1. Do you know which residues across the stretch A:166-199 are facing chain B (nearest Cβ under 9 Å) and in contact with a helix residue (DSSP H, G or I) (Cβ under 8 Å, 6 or more places away or on another chain)?
2. Within the stretch A:206-219, is even one residue free of Cβ contacts under 8 Å to residues at least 12 places away in the same chain and farther than 27 Å from A:PHE81 by Cβ?
3. Could you list, in sequence order, all residues of the stretch A:174-209 that are in contact with a Lys or Arg (Cβ under 9 Å, 6 or more places away or on another chain) and not in a helix (DSSP H, G or I)?
4. Which pairs do you get when a residue that is of a type in the set (D, E, K, R), found in the stretch A:111-136, comes within reach of a residue that is not in a helix (DSSP H, G or I), reach meaning Cβ atoms under 8 angstrom, with the pair 6+ apart or on two chains?
5. Taking the stated definitions as given, is A:LEU417 among the hydrophobic types (A, V, I, L, M, F, W, C), at pLDDT below 80, touching a Pro at 6+ places or on another chain (Cβ under 8 Å) and surrounded by 18 or more Cβ atoms within 10 Å (Cβ to Cβ)?
6. Just checking, which of A:ALA433, A:ALA446, A:ALA473 is at pLDDT below 85 and not in a helix (DSSP H, G or I)?
7. If you check B:GLU98 against the conditions, is it over 17 Å from the mean Cα position of the chain (by Cα) and within 30 Å of B:ARG129 (Cα to Cα)?
8. Which pairs turn up if I take residues in the stretch B:107-124 that are within 15 Å of B:ALA146 (Cα to Cα) and among the hydrophobic types (A, V, I, L, M, F, W, C) and look for partners that are open to solvent by 60 Å² or more (accessible area, probe 1.4 Å) and not in a helix (DSSP H, G or I) with beta carbon separation below 7 Å, at least 6 apart in sequence or on another chain?
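The values are calculated or read from the model by the stated rules, or taken from the named source; none is laboratory data. Just so we're clear, the structure is a prediction, and the values are computed from it rather than from any experiment. Cβ atoms come from the backbone with ideal geometry, glycine included; neighbour counts cover every protein chain shown. Only protein heavy atoms, including side chains, enter the accessible area calculation; ligands, DNA and RNA are left aside. Shrake-Rupley method; radii C 1.70, N 1.55, O 1.52, S 1.80 Å.
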Amino acid sequence: MTTLTRVSNFGLFGNVLRATILGPVLIIALWEVAARALSDAFVLAAPSAIVIYLIEHAGLMARALGVTLANAGAGFVIGNFAAIVLATLATVWPKSDAVIRGLALVIFCLPLVATGPILRVVFGPGPWPQIVLAALAVYYTTLIPLLVGLRALPSAWLDLVCSYGRGRFAALLHVRAMAALPYLVSGLQISAPAAFLGAMVGEFTGAERGMGVLTIRALRGMNIEMTWALATVATSVCVIWYLAIGWLAQRFMQEEPPVILATPALPATQGPYRTALLNGLMITGALLFVWWAGLELLGLNSFFAKGPWDVVTALFLAPDATANRDTLIHALGETAVFLVPGYLVGLAAGALLAMLVVLVPAVAGTAMPLAIALRSIPIITTAPLVVLMLGRGALGTVVLVAIMVFFPTFVACLQGLRQAPGQIIDVFDSYAAGPFEKLRKVRIPAMLPAFFAAARINVPASVLAVTVVEWLATGNGIGNVMALSASLSDYDMLWSSVALVSILSALGYAAVGLLERMVLRTYAPEQLQ
Amino acid sequence: MSVPVVCSRVAKTFRGGVEAVRPLDLSFAAGQTTTLVGPSGCGKSTLLRMIAGLEAPSAGDITIDGQPPSETLRTAGLSVAFQDPSLLPWRSVRKNIELALDLARRPRNARDIDQLIRLVGLDGFADTRPAALSGGMRQRAAIARALATKPALLLLDEPFGAVDELTRQQLANDLPGIWEASGTTTILVTHSVSEAVMLSDRVVVLSRRPAQIVADIPVPLPRPRRVELARQPAFAELVDTIFTALAQGMADAQPKAAQ
C-alpha cells in the first residue's frame, strides 16, 4: 500500500512539475527554434530577441507601462465602484433590477472602437478617454457575478434578519455583503485584464503615451520585436494582476472565489412573455432617456454629440439616408462573414478541448489553473501578433475572434464538465460504464449551462475582437466604417454604427439566452428557478 | 416576561392556489410550551412562519399579547430557530450570537453571551466557525442565538431536524430547562412524537394539508423531565394517544372515494 501511495504521489508531483516548469520551458524552446527558422518571414520574434529588446528599451517600456497601468487602474476603480453601486441598488430596490441589467448590457455592448473616438472628441487629448474605456470594459464583468452573489444565499438567512424586525438594508449590511464577497473577488479578477484592454484601446484612438500608442507604432513600422515585446509585457502584467487579486483575496477570506459560470440571463428573456415585453420596453425607454439626457446634461456640442433622433434622421429621413443604410448594411455583412465563423469555431474548440481534457484525467488537474490564467490574457493586446502571423486577410480575423471566444468557453466548459454530480458518476461506475459513455450521458448535460453562459457573454466579446481587427488591420467591415467616419468627422455615421452594433450585440445576447432557456428547460430546470 | 398568542380564523392559500392552512382557531398560553405535530407538508411550518410575521395570513388575525406580529417584530420581541441552523459561515459562534443582538438593537454583554454559550454546552467553541462544528453543535449555537435576545416568544421550527438520534435525545433533555427558566412562550414544530411529549405542556395534532386541528392534548407530566421518563407508562400512553390522533388526521383527509 505504502509503495503504491508513494508512486502515485510521485506521479502527481511529476505532473505538476511537467505542467508548471517543463511545459513552459518546452514551449519557449520550440518558440525560439521556430522563430530562428522563420527569421526571414518577419512574423515571429524569438524569446531571446524579445528579452534583448526589453532590456535595450527598458526606459521606454517602463514609461509606457506606467502610463497605461495608471489609466487602467483608474478605470478599474471607477468601473468596479460603479458596478458595486449598481448591484447594491438592484438588490435593495428589486424593481430596478431589470432596467439596470438591461441598460448595463447595452452599454457593455457599445463597441469600444467607436466609443473611443467619440470620447476622444469629448475629453480632448488627456487620459480620460482611456480611463472611461477601461471603466466601461470592467463594470459588467463585476456587476453580473455581484448580482448573483448578493442573491445566492439561503432564504433562512434573510428570514433571520426579518425575524428581528429588520429590513432590506440590515440584510444587505449583515448578510448579503459578506455572502457576495467571493463573487466580487471573482468579478475583480476577470476585470483586471479587461481594464488593461480598455486602456489600450483608448490609447489606440490617439493618446500621446502608453502601451497602446507604442503598439500602433510597432504595427505601422512592421517592428516585429517591438510588437512581440509589447504583447509579452501586456500579457505578463495582466496575469500578475489577476493572480495578485486572487492572492490578496485568499489572505483575507476562507472561501475560494467561485468560478462564475451561469451568469443570469437578461431579464427580458425570463418570465412570461408579457413581463418580458414590458421589461424590453422599459429597458428601451430607459436607454433612450439616458442617451438623450446624457448629451443634454453634459451640454455637448451637437456637431459631434448625436442624440437618438439624429440617428433616426441619418438612417431614415435625411436625403442621403438610403446611402447611409446601404453603407452600414454592406459593412455589417462583411463583418458577419468573419464574426459568425470565428464565434462558432471558438465555441466548438473550447467545448471540444474541454471534453478531451476530461477524458485524459492526468491532464485535467493541471489544465484548469492554466486555462484560468490564460483567460486573463487580454486577447486584443495580442491582436497585432495574430495579424502578423496570419496576415491581414480573412483567416487572421476569424482566428482572432475564435481565440477571443475560445478561452472563456474552455474554462467554463471544463468547470461544467467537472461539476457532474459525483453520485451519478458513481452509479455509472457501478455499471462499469466507459469514459465516453459517462461523458455523453452525464458530463455533457452537466456542462450545458456553463457552455451557454459562456456563449452568451462571448457575443459582445467577439464583436469587440472583430471590430478591433477590422480597425487596426483589415480595413473592412463595420470596424472600418467606424474608424473611417471617426477620422472624417462623419459623426452621424459614427453614432449610427455605434447604436446599430450595440443593439445587434444585445439582441444576439438575448437570442443566445432564449436558446439557452430552451435547452436548460430539459437539462437543468433548477437553473430557471 | 411571557406573552399569549391567539390565532383566530387564520388561513393561508399560496399564490398558485395551494391551500396550506384552512381557517383555524388556536391560542397559546403565556409561558407554556406547545408543540405542533402533523404529517410532512401539512402546513405547520407555514403556521409558525405566520406567527413569526414572516408570512402574512390570507385570512384571519394573529395577535401576540394583543398586538399584531409586526408590532412584536418591530420591538424584536420574538426569536425563530430554523430547521437549518442558518449560522453565518464567516462568523464564529460568539459573533453569530452577537449578530442577533445587533439585529435586535440590543447591547452586547460579553458575560451574558459567555453564559449562554456555557448553557448550551459549547464552552471552548465560542471562537469556532460553524464549518468546524458538528451538526448538533450548530443546532445548539442556533438555539443560543435565538435565546440571546431574551425573547418573550420563542418559535422553533424542527430545530433538531438534521441531528442524529443520540444528539437529539440529549438536546431534548438539556434544552427545556433553558427556556423554562426564562418563562418564555414557546411554540415548537416537530415530526417526532416522543420529542413532543418530552418537551411540551401541550401537543396540538394537525391533519394533512390543508392543516386542521385533529386533537389538542395536554401533557400533565411533572418537570423537570429526564430521559428515563420515556420508559414510564404515562409517557407511553400519551405517545399512543398522539399517534392515534395523527393516524386519524391522515384518514380524515383521504378522499371519500378511496375509503
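1. Here is the first cut: in the stretch A:166-199, the residues facing chain B (nearest Cβ under 9 Å) are A:166, A:170, A:174-175, A:178-179, A:181.
Scanning the stretch A:166-199 gives A:ARG166, A:ALA170, A:HIS174, A:VAL175, A:ALA179, A:LEU181.
2. Taking the stretch A:206-219 as the starting set, the residues that turn out to be free of Cβ contacts under 8 Å to residues at least 12 places away in the same chain are A:217.
Those left that are additionally farther than 27 Å from A:PHE81 by Cβ: A:217.
Within the stretch A:206-219, one or more residues are free of Cβ contacts under 8 Å to residues at least 12 places away in the same chain and farther than 27 Å from A:PHE81 by Cβ.
3. Matches in the stretch A:174-209: A:THR205, A:GLY206, A:ALA207, A:ARG209.
4. From residues that are of a type in the set (D, E, K, R), the pairs are A:ARG120/A:THR205; A:ARG120/A:GLY206.
5. On the way: among the hydrophobic types (A, V, I, L, M, F, W, C): yes; at pLDDT below 80: yes; touching a Pro at 6+ places or on another chain (Cβ under 8 Å): no; surrounded by 18 or more Cβ atoms within 10 Å (Cβ to Cβ): yes.
In short, no.
6. Values: A:ALA446 fails: not in a helix (DSSP H, G or I); A:ALA473 fails: not in a helix (DSSP H, G or I).
Matching residue, one of A:ALA433, A:ALA446, A:ALA473: A:ALA433.
7. On the way: over 17 Å from the mean Cα position of the chain (by Cα): yes; within 30 Å of B:ARG129 (Cα to Cα): yes.
Yes: the conditions hold for B:GLU98.
8. Hits for this filter: B:ILE117/B:ASP123.
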